[in-house]
1. Is the C-alpha gyration tensor of the range 511-560 telling us rounded, prolate or oblate? Criteria: a/c under 1.5 is rounded; beyond that, a/b larger than b/c is prolate, otherwise oblate.
2. So what is the calculated 222 nm ellipticity per residue for the chain, using -39500 (n - 2.57) for each DSSP H run with n of 4 or more, over all residues, to the nearest 500 deg cm²/dmol?
3. How high is the FRET efficiency from SER104 to GLN51, r the C-beta distance, R0 22 Å, rounded to 0.05?
4. Read phi for every residue in the range 336-343 and hand back ³J(HN,Hα) as whole Hz from Karplus 6.51 cos²θ - 1.76 cosθ + 1.60, θ = phi - 60°, with x for Gly and Pro.
5. Cα centroid distance between the range 295-322 and the range 564-598, in Å?
6. Which of the DSSP-defined H helices in the chain satisfy a minimum axial length of 27 Å, computed from C-alpha atoms, and a minimum mean Kyte-Doolittle hydropathy of 1.6?
7. Rounded, prolate or oblate: pick one for the range 1-53, where a ≥ b ≥ c are the square roots of the eigenvalues of its C-alpha gyration tensor, a/c under 1.5 means rounded, and failing that, prolate if a/b is larger than b/c, else oblate.
8. Along its principal axes, what span do the Cα atoms of the chain show, with the longest given first and each in whole Å?
Amino acid sequence: MTEKLVTLKLEGDLENNGFHVLLEIGAEGARPDLEAIGSLPPNPGLLQQLQTWQDSYRLMDSPSRIQPLEITYVGSLHTVESCQQAAKALGEQFKAWLLSPTFSTIDRPLREELNSTDTVRLVIRTTNSHLQHLPWHVWDLIDRYPQLEVALGTPTLKRLDVPPGQQSSVVKILAILGDSSGIDVTADRQLLDAIPGAEVTFLVEPQRQQITDQLWEQPWDLLFFAGHGRTEAGAGRIFINPKESLTLEELKYGLREAVRQGLQLAIFNACDGLGLANVLAPIGLPQMVLMREPVPDRVAQTFLKYFLDAYGAGSSLYSSTRQARERLQGIEDQFPCASWLPIIFQVNPSLPKRWSQLTVAPQGGSSNRPLVGGLPIKQLLTLGAIVTASLGILRWTGVLQRSELAAYDQLMRQQPAQVNQRVLVVEATREDVNTYGYPLPDEVLAMAINQLRPYNPRVIGLDIFRPEAAPNTLLGEAFQDNNVVALCSFGQGGGNQGGIAPPPELPETQVGFSNVVVDPDGVLRRQLLFAQPDTTNPCTSRTSLAMLTTLHYLDADGIQLETVSDRLLRLGDATLTPLETGSGGYQGIDARGFQLLLRYGGVQPEQRITLSELLRGETNWETLENYAVVMGMSAPDSNPTDYFVTPLGAKAWSQTKIPGIDIHAQTINYLLAAALDNGALLKSTPVWADWLWIAGGALIGCGLTVKRRTWPLWLLSLGLTTLALYGVSWWLFAMGWWVPLVPGTLALLSGSGTAVALPGVTRKDRPSGNS
């Protein structure tokens, strides 16, 4: 005798498109050795007949378990006969559909590959609810193979390692006897009580918390429910007491823990069980036995008796279900289609355990399944505090600064690009320098400014140094409007060393400094907005070129810079908070002046033209009245020191630099978006929040070891938690908060890893109740 697994995967619908069918046949526990493809045509008539039968069947009783006396009272010979006729018509039409020529490529291999002596599990894998309700057992194939039983399954059957049951000499059953209003569940209890070799815990009309506690606190082999149930919007609902009902989604965590501890089978002796299966399938419960339609009391109790007799006597799950289902035919004179109701729902393609396999005799010693975790809560809290303090000290000393800045750059590269709607870049490229010379003559600058005048830009910012100190008449005329701002530069060594004076044609209110602050690793992450220059420096402006250009732009909207406090400024919708010496991942930086973290994003190509294109009139704008124009050099040969590495280009394997004009343009766009659109300005979290974040990571890491679990499960949970931590950090970064990602991750990993590595934590799984 050979044990075989046959799966039919059907995708489509009954009414319009029909179904694509994939057949797989193979020995149990092995890969399929035969595959075939076929199809079934649409059949609206079959769908209509299915609905006719369901309507006729549901007229027999209410949509829940009811007492046999009510069947006799509500039903009549006419309704019974009508249901039987509808069932017969549905069965004949269903069998005719399976004889479709396009299905022969499926039917023929089934009959050729299987032997009448084979034990066969036939799993119908589909999410189509109509297929799940069709009477697959009337297919003549079923009668041909007496050891074959049909089950339903999910489209994806993933072969998982079945968790071992608890080590006990008895089968542990959790029996939930729910709301018994109008029904009789005492017979269910009596049947369960009479099972030899079983330890049954009954929860009679329990509260929700009682069920959850039982699922979490000890392992179970089998879960049983008897009571009212129904399906709502595809999800099953059970009534656990007269006042309370719930969906299995509301028990998801407890059920998942029960499965992890070895739960093998659930039996739902309630109505409309397919909705319950839809919720339990993702949790990974291997097998379910349930009722597809409303089920009368006597049918439910009779099936349970026959099933337990066969299963407890050693028959397989599939054989026991078929035997119990077919024996229901003896009461179909009173309860039409009773044998149509029970069905197995298969999630794990592994061979289901027999009754004898649910028990494992205690050995008195340890098994070979190494587990990790299990430290007392108090010890884990102490460990979490130690990890938090250690990482806090490391961070304060600056040891983590380089890695934190690298993480900052990674988060920046993964952010969506800024949408630039207000800045136009006019760049002098290498070709422009070859054409006009370097430095650009004052006459060329004057021509460029005059070329922009007819388009009425709000402000023109010149990111171009003029080495000539003498005023230029043409440029002075171009500067006569107050919407032009230019730049100067502080000296790097104090005094006037290396400083560059502002253009003599412009007043101080139209001059901003161009100095930037580069981090020790050579990456430009922050922007200096305000500074206090040395009085002996040729550049005495206190406002950066980018900030000054922004202020001129916003002045047209009546927006002025406001002082909120000594350290806070308000600009439109934005509150500007300066960096401090120990902000975020920085430790001991020079935070003089007023510095902001800069959010980088690309300036769109359509908002960028070359100087030559401007002078030749090759433009397609109608107006620039809502734009700030930034004009500067992008030719690498003109000034190599005006090129900077940003987080976008600061990669481990390469560093890409961008010109200073792009830095100014992105800063202006960043500030305008914050002031006018309430855009999120990047800022670091407060120190107390940083400590809380690190402590949270350490405690979560330690918390992963509260319950003992296998090494693979611990590693999986640790990996998923780390990914979740990164995801939250990314989301907060998008919202404008730079959280301590690296210290938090290290706290998570070191807290969990240390808890596992402590002596006495790794141990062997012990039999329950034995020491």
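1. It is oblate, given that a/c is not under 1.5 and a/b is not larger than b/c.
2. Numbers: 23 runs with 274 residues, N = 771.
About -11000 deg cm²/dmol.
3. Numbers: r = 28 Å, r/R0 = 1.26.
The computed FRET efficiency comes out at 0.20.
4. Using θ = phi - 60°, the values come out as x, 6, 4, 6, 7, 7, x, 8 Hz.
5. 72
6. none
7. Taking the square roots of the gyration eigenvalues as a ≥ b ≥ c, the range 1-53 is prolate.
8. Sorted largest first, the three principal extents are 113, 64, 51 Å.
The values are calculated or read from the model by the stated rules, or taken from the named source; none is laboratory data. Here the structure is a predicted model, which means the values were calculated and not measured. Backbone-built Cβ (ideal geometry, glycine too); neighbour counts: all protein chains shown. Surface accessibility is based on the protein's heavy atoms, side chains included, excluding ligands, DNA and RNA. Shrake-Rupley method; radii C 1.70, N 1.55, O 1.52, S 1.80 Å.
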